[in-house]
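Below is one structure, written out as structure tokens; comments come after it.
Read the figures in this text as sums done on the coordinates, not as results from a lab. Just so it is clear, the model here is predicted, and its values are computed rather than measured. Positions of Cβ are backbone-derived with ideal geometry, glycine not excepted, and every protein chain shown enters the neighbour counts.
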Amino acid sequence: MICEDIAEFATALPRGRPVMGLDLGTKTIGVALSDRLRTVASPVETIRRKKFGIDAARLLEIAATREAGGIILGLPRNMDGSEGPRCQSTRAFARNLQSLTDLPMGFWDERLSTVAAERALLEADATRKRRAEVIDSVAASYILQGLLDRLRHMGDTP
């Protein structure tokens, strides 16, 4: 089930299960997961994209292993809020993934998440090589943390 509305997504999430956050890039997919209380998002992995089937299998393996209750995908809107080709690609990915799982999926505006992740890694004095290795999963954790904060303000606690 793909939820366009965050309130609908929150209602669809099973209690006590983590949420998985994704930052879809053209070459990689950043993956983050929340804790079961849905308070903190943590980077998990960066997947090098191959084919949809291989990528989807890895994502669903992570979701199953970590007992994720839902998936939030970063939606790369333009700075003016409009949706361009990258948003269409993200929505298509979600539709294709939906055919393989019953997990509820939603979208979160990811504008500037990679910029924030890069800044955090610079402040942590990460080397350029290390930043390149983890930037996508850290960006996914920023996307997921935004959702978690919103859910908390909505009164959704596990």
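Table for the structure above
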item	result
Cα-projected label distance for residue 78 with residue 152, points at 7 Å along beta-carbon direction, nm	3.4
Packing-based ranking, highest mean first, of 10-22, 58-70, 77-89, 42-54 given that Cβ atoms within 10 Å are counted	10-22, 58-70, 42-54, 77-89
Residue list for region 16-31, given a label point 7 angstrom along the Cα-to-Cβ vector of residue 89 and an amide N cut-off under 14 Å	23-30
Cα gyration tensor shape of region 1-70, rounded if a/c is under 1.5, else prolate or oblate by comparing a/b with b/c	prolate
